[in-house]
Amino acid sequence: MSDHLPQPSVSPRLRRAGVIMAVIVIFVAVSGLIVRYRHARALDEDVAQRHDTVKVIYPEPGPAQDELLLPGDVRANIDAPIYARVNGYLKYWRTDIGTRVKKGQLLGEVETPELDQDTERARADVSMDEANWEIAQVTAKRYQDLLASDSVSRQEVDEKVADAKAKADILNAARANLQALLAQLSFKRIVAPFAGVVSERNTDVGKLISSGQNSGQPLFRVVDTSRLRVYVATPQNYAHMIASGMTVKVTFPELPGQQFDGTVVGTSDAIRVASRTSTVEILLDNKDGKLLPGAYAQVHFDLHMQGGRYRVPVSALLFRRNGLQVATVGPDNKVMLKDIVVAVDLGRKVEVASGIDANDMIIDSPSDSIEQGDAVRIKNAPAKPEPRDGGNRS
C-alpha cells in the first residue's frame, strides 16, 4: 500500500478566479495610496497658501575687539607763518626753503628809511626835552631858595615847580615814544621764532613790505617737524571709545609695510553738527625727519567693543513708522516684530546695540506686508555662527 495519497487537482476556473481576486486587492491598495498621497499633497498646498515660506538667519555676534581705520591729516608740531611788522623793502634774505634754522637765527632784513628817520627825530626830541627839563628843574630849585629870603612870592615858586614837573612828563612821553620806535625798529631783522625748517619763502630782495598783512602770503614759514600732529575726524558712534593716552598705529601709502606708533593726546570733546564727527589729535615722533607734514595718513584704532552687540544684513531690516525693526520667528512659527537700535552702519551689515539676542531667528528679506503674529514656514535650518574675536572697519 503506498504512503502517498493522491492530491486533489485545482481546476483552471478556480485558479483564474484567485488571480482576479489578487489583482483586485492590489488595485484597491494602490488606489488607496494614491488617494492618501493626493490628500496629503493638497493639505500641504493648502498650508503653504496660508503660511509664507521664509528664510531665517541667526544674528552674527559682534567682535570683542575691533579695528577702526580712519584717514588722518598730518601737520607739523609747530607751524609759524612769519609776517612783516614794519613797512619798507626787503634788504636781503639769508635762508631758503629746506634750511634748518635755530631759534633766533636771521632769516632776512627789511630796509626801513622812514622808520629810521622817525627814530632819529624821536632821539632829538628826547635830547631837547631833557634839556628843557633840566633847566626847569634848576629854576624851580632856585626859586625855592629865594623864597626863604622872601625875594619871590609863593605863587612864583609854585609855578616854577609845576613847570619842572610838566617838563618831566614831556620828557617821559618822548622817551616812551623813542622806545616804541626802537622796538618797532627791531623787527627789521626777521628771525626764526624756534628751531625748525624753513618750508616757505615768499619774498625777494627789493620787494615792497607792508606790515600787518596777515591775510596775504607770509614772508617765511618755519615748521618744527621733530614731532607731528595727526588730526582724525572720528564718527560719533566711536567718539566715546577713544581717550587720551591710547596708542594707535599710523601708516602712509608711500611707505607700504611700515607702521608708526602714535599717542592720542587729546580729543575735542564735542561733535561737529555738520559732519557728526569728533576731532582726535595724535602725536607722532619724527626725529629722523622721515615723515612730512601735510601728508595723508591712515590711523588704526584698536577698540574694545561693548558686549551684547550683533550684526545683521541690511536686507533683514524693516523700516516702519515707529522706527527700525526686524521680524523673528517664534517657537510656534509665528512672526514676532522687534524694535532695534543700530549702533554702527557697516554698509551691507549693521551692528545692533539692543533689541535682539543670539537665539533670535531673524527673517531675511521679509515681505513689506509682514505683521505681528503671521504664521510662516521656515525654508532653511541655519546653524548658529561662532563668536568672532576681531574685525575691521573703515
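Observations on the model:
- Flag: residue 325 does not match the condition of being surrounded by 12 or more Cβ atoms within 10 Å (Cβ to Cβ) and closer than 22 Å to residue 227 by Cα.
- Qualifying residue in segment 171-178 (condition: surrounded by 15 or more Cβ atoms within 10 Å (Cβ to Cβ), modelled with pLDDT of 90 or more and closer than 30 Å to residue 275 by Cβ): no
- Taking the criterion of being exposed (fewer than 12 other Cβ atoms within 10 Å of the Cβ) and among the hydrophobic types (A, V, I, L, M, F, W, C), the residues of segment 259-309 that qualify are 270, 273, 274.
- Failed item in (1) at pLDDT 90 or above; (2) within 30 Å of residue 87 (Cβ to Cβ); (3) surrounded by 13 or more Cβ atoms within 10 Å (Cβ to Cβ), with residue 206 passing the rest: (3)
- Search result, residues across segment 234-263 that are within 15 Å of residue 295 (Cα to Cα) and hydroxyl-bearing (Ser, Thr, Tyr): 251
- Residue 377 falls short on exactly one of the conditions (1) assigned to a strand (DSSP E or B); (2) modelled with pLDDT of 90 or more, and that condition is (2).
- Pairs where the first residue, in segment 65-85, is without any contact (Cβ under 8 Å) to a residue 60 or more places away in the chain and the second is basic (Lys, Arg), C-beta under 8 Å, 6+ apart: none
- Candidates 339, 302, 332, filtered to the one that is closer than 30 Å to residue 263 by Cβ, of a type in the set (D, E, K, R) and at pLDDT 85 or above: 302
- Evaluating residue 152 against the criteria (1) under 30 Å from residue 100 (Cα atoms); (2) not in a strand (DSSP E or B) leaves one unmet condition, (1).
The values are calculated or read from the model by the stated rules, or taken from the named source; none is laboratory data. This is a predicted model, so every value here is computed, not measured. No Cβ is skipped: glycine too gets one built from the backbone with ideal geometry, and neighbour counts run over all protein chains shown.
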